[in-house]
Structure formats: C-alpha cells, structure tokens
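Accompanying notes for the structure given below.
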Amino acid sequence: MRSDATPVIKQEKSLVRKQNAGRGAFMSRVVEEYQKGLHRFIYAKVKCQDVAAEITQETFLRIMRLDRPEELEYPQAYLYRVAHNLVIDKQRRDNLKVIDGSVDLDVEACEGTEASPEECLDYKQTHEDFLRAFEELPLRPRQVFYLRRYENLKVSQIAEKLGISTRMVHKHMTNSLAHLELKLKPKDQMRGDGK
C-alpha cells in the first residue's frame with residue numbers, strides 16, 4: 001500500500017509547489033503594481049508616513065492570508081477596501097480614549113475643602129447630573145466637548161484629530177453645550193417658576 005500512496009503524495013506536493021509558485025508570482029505582481037498608489041491613498045488619509053507604511057504592509061498581509069488570493073477577480077478593489085477599513089479602524093482606536101462613565105471628569109473634588117455638608121451634597125448631585133447628561137450625548141459631540149474642555153485642544157486640533165471640519169467642531173460644541181445646559185437647568189427654572 002505504501003507504494004500506491006507515494007505517487008499521490010508526490011503529486012499533491014507538486015500541486016502545492018505549483019500553487020505556491022503561482023501565489024508568490026501573483027503577490028509579487030500585486031505588490032509591484034499597487035504598493036506606491038496604495039501607500040499614497042493611505043497617507044492621504046492618515047497624514048503620517050510610518051502609519052501609512054504600517055497599514056500598507058498590513059493590507060498586503062491580509063491579502064496573503066486569503067486561501068487563494070490569485071483567484072481574486074479585482075485585486076486592486078480588494079486592496080483599497082481592506083486599506084480603507086484598516087484606516088477607519090486605526091482612526092477609531094486613536095481618536096480618543098474611550099469616553100464613558102469611567103472617565104473621571106471630576107476636576108475639583110469637594111472633600112478636603114471648607115464647604116458645608118449641604119454644599120458638598122449639592123456639588124456631588126450636580127456632578128452626577130452632569131455625568132448623566134454627558135453620557136447622553138452622541139459620541140462625536142461628546143468627543144468634541146471632552147477634547148475642548150478637558151484636554152484644552154484648539155478647534156483646529158480637534159478637527160484634525162477627529163477628521164472633521166472646524167465648522168463641525170463648532171456645531172458639535174454648540175449642540176453639546178445646549179444639551180448640557182438644558183439637562184443641568186435647575187428644576188424650578190425648567191417649570192418656569194424661576195423666583
């Protein structure tokens with residue numbers, strides 16, 4: 001039986017070598033043909049040579065991990081879609097630390113001050129109301145507010161970091177402030193009892 005199996009194994013090894021040779025030739029052609037343009041495409045989005053090179057490399061690695069990349073009908077389209085998705089993933093990771101309830105926005109703690117217990121209680125309640133209202137904001141306005149108020153970034157820096165226009169930064173900041181003002185208005189002012 002061993003003699004029967006040997007020709008089959010040799011034939012399979014031969015097929016694998018041919019496939020790998022075809023795969024290697026295909027990948028060489030793809031890298032040679034698309035690398036420069038793909039790198040420029042990515043650099044235009046991330047504005048950093050090192051990051052663009054890293055994402056370009058990861059894009060080619062993704063295509064190499066396919067079972068049969070040489071059978072792709074439109075390899076250029078596939079490369080650019082993968083690169084685009086990797087850029088978006090990178091921007092999502094880098095845009096901000098995740099802003100959620102675990103972010104400490106408590107700039108000035110009440111403890112250790114000469115405030116009365118009532119003032120401390122009022123401060124803590126206002127702070128809790130603020131955090132609740134802040135968490136209600138959609139992600140982008142929350143990011144803009146946080147970067148402006150707690151990281152002291154300029155509008156142009158926020159726009160660049162989030163990949164939006166300065167006009168959108170102003171819009172998100174205005175919407176954030178309006179939302180927070182509405183949510184933090186004293187209850188008697190909301191009812192119109194402002195005495």
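The values are calculated or read from the model by the stated rules, or taken from the named source; none is laboratory data. Everything numeric here is computed off the predicted structure, so don't read it as measured data. Every residue, glycine among them, receives a Cβ derived from its backbone with ideal geometry; neighbour counts consider all protein chains shown.
Structural remarks
For every residue, the table says whether it meets (1) of a type in the set (A, V, I, L, M, F, W, C); (2) at pLDDT 75 or above.
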residue: VAL98; (1), (2): yes, no
residue: GLY101; (1), (2): no, no
residue: ALA115; (1), (2): yes, no
residue: ASP122; (1), (2): no, yes
residue: GLN125; (1), (2): no, yes
residue: PHE130; (1), (2): yes, yes
residue: ALA133; (1), (2): yes, yes
residue: ARG142; (1), (2): no, yes
residue: TYR146; (1), (2): no, yes
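- Residue in the stretch 76-87 that is at pLDDT 90 or above, loosely packed, with under 12 Cβ neighbours inside 10 Å and in a helix (DSSP H, G or I) present: yes
- Selection from the stretch 122-174 of residues that are of a type outside the set (A, V, I, L, M), more than 22 Å from LEU184 (Cα to Cα) and in a helix (DSSP H, G or I): SER156, GLN157, GLU160, LYS161, THR166, ARG167
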